[in-house]
Amino acid sequence: MTFQDLKITEPILKALEAQGYTHPTPIQQKAIPILLRKRDLLGCAQTGTGKTAAFSVPILHHLHHDQQRSPKRRKIKALIVTPTRELAIQIADNFTAYSRFIDIKNTVIFGGVKQGNQVQTLRQGVDVLIATPGRLLDLLGQGIITFRDIEYFVLDEADRMLDMGFIHDIRKIIARLPEERQSLFFSATMPPDIVSLSRKILGNPEKVVVKPEQTTAEKVQQSIYFVEKKGKIKLLTHLLQTEPIKSVLVFSRTKHGANKIVKMLDRASIQASAIHGNKSQTARQKALNSFKSGELKVLVATDIAARGIDVDELSHVINYDLPNVPETYVHRIGRTGRAGASGKALSFCDTEERAYLRDIQKTINQKIPVVTDHPFTDEGLEPIKEDRPFRQKQSSRPRTTVAEGGSASATNQKPRRPYWKKRRSN
Ligand code: AMP
């Protein structure tokens, strides 16, 4: 199937061609015809599947046609709400690219920066507004924008919105939208609270599911490195020095951890930058730009900051820490192996993370191959010092054994209170 087969208007086809897209991705093949028929859509798909084009192309198609039929003053006719600034910017970039040969304008608004420039652009008139929830409600409250003319509404990454605590903001937003509209709802996962939220937004939707297995788990070459916590930085340094890595996104569970990784890599003369919520928007954008341009090889990120990082040529993802939510693992590895390209996802797993690994393998329905021939397996990790061999060995390698797939809590078990110290009941 080609984009021509989808009956998209000519100037948009030309723009897609200019982007180098030849064939629609599965989500595009399924969603575009539904959206061109102006039906509501419930899309179960994650970033990396081509979902941005799947919704932006039909919206632009409709807006262009309406404009051709009866040119009017610019008003906000399409609203896309997304959880993070990075994702918002990325969606706006997509809209700009696909509307290159038509006269449809978009802009993006997000918090964390002064509103002046955003307000100025809005006053000049836009057709498509891409926004994060907080700033959107703020400008709505100030009367700077109105929802009166909205005909197309997209809620993107709904599961992440809920994770980030945006549910009240979303409720307020949907309460203000005009009844007559086409609504689109995207989420990588569909737990019950997401399904119930989707029912409040959509009217008799068509459902499109692109399974993560189809899009990432199968294409991305995954591997596991069993390593103790202390050996992770050495292993990372070793891999960065020996593996043919072009560009890598390293995932850290915490912001503090991300900073520490960058510091340790710097000591090994490996240039890296961290992006997370504590960094200013300018610092994040700067790191992201030099990563995208290929100048910076290693970017260390937390999950929230990494959402929406759109880098086509990402050769590797390294899970420095394994996530405790299996879907997050699928999201992370989906950063590589995009739109047909192959990629590698290397995951470090320490004793306490074995239970996470079991859940991940269950979710992706796959056993991830283990790399055993690396120098930082628990045997090779801590050379035993001559003077206090036993204490060293015991402290660095806890004796508690947790079988693969066993419970991580086993490592944290407290010794039982001796019976003679039993607490007295009151
Ligand atoms: P998304 O899931 O929207 O974040 O898209 C993932 C990546 O795939 C982005 O870099 C897009 O530019 C790219 N992309 C989207 N659709 C296509 C296509 N049909 N052919 C090639 N690349 C695409």
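The values are calculated or read from the model by the stated rules, or taken from the named source; none is laboratory data. Because the structure is predicted, anything quoted here is derived from the model rather than measured. Glycine also receives a Cβ, built like all others from the backbone with ideal geometry; neighbour counts cover every protein chain displayed. The protein model used for the area step is the full one, side chains on, heavy atoms only, and it has no ligands, DNA or RNA in it. Shrake-Rupley method; radii C 1.70, N 1.55, O 1.52, S 1.80 Å.
At 1.4 Å probe size, with every protein chain present, just tell me what the per residue accessible area of the stretch 90-239 comes to in Å².
Value for the stretch 90-239: 44 Å² per residue.
Expected output is a single nm value to one decimal: the length gained when fully extending between Met1 and Arg74, i.e. 0.36 nm times separation in residues minus the C-alpha distance. What is it?
Details: separation 73, 0.36 × 73 = 26.28 nm, distance 3.44 nm.
So the chain would gain 22.8 nm between Met1 and Arg74.
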Self-check item: 3J(HN,Hα) from dihedral phi, the stretch 269-282, Karplus parametrisation 6.51/-1.76/1.60, rounded to Hz, x for glycine, proline
Solution: 6, 10, 6, 8, 10, 10, 10, 7, x, 7, 8, 5, 4, 5
Self-check item: Whole-Hz ³J(HN,Hα) from phi, Karplus 6.51 cos²θ - 1.76 cosθ + 1.60, for the stretch 243-259, glycine and proline x
Solution: 7, x, 9, 8, 8, 9, 9, 9, 9, 10, 5, 10, 5, 4, x, 4, 4
Exercise. For Gln222, enumerate residues with amide H under 5 Å from its amide H, sequence gap 5+ or separate chain, H modeled in the peptide plane.
Key: Ala345
Self-check item: Placed amide H near Asp321: partners under 5 Å, 5+ positions off or other chain
Solution: Phe251, Arg253
Quiz item: At a Förster radius of 22 Å, what calculated FRET efficiency corresponds to the Cβ-Cβ distance of Gln142 and Lys200, to the nearest 0.05?
Solution: 0.30
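So which GluC sites (Glu not before Pro) in the stretch 210-296 are both in a DSSP loop and have at most 14 other Cβ atoms within 10 Å of their Cβ?
Values: sites: Glu213, Glu218, Glu228, Glu295; in loops: Glu218, Glu228, Glu295.
Here the sparse-neighbourhood loop sites are Glu218, Glu295.
Counting Lys and Arg as +1 and Asp and Glu as -1, what is the net charge of the other residues whose Cβ lies under 9 Å from the Cβ of Arg284? Write out the running numbers ahead of the final one.
Working: positive: Arg85, Lys279, Lys286; negative: Glu86.
That works out to +2.
Using a probe of 1.4 angstrom, how much of the accessible area of the stretch 214-364 is carbon and sulfur, in percent?
Values: 2930 of 6150 Å².
C and S fraction of accessible area: 48 percent.
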Quiz item: Once amide H atoms are built 1.01 Å from N in the peptide plane, which residues 5 or more positions from Leu177, or in another chain, come under 5 Å H to H?
Solution: none
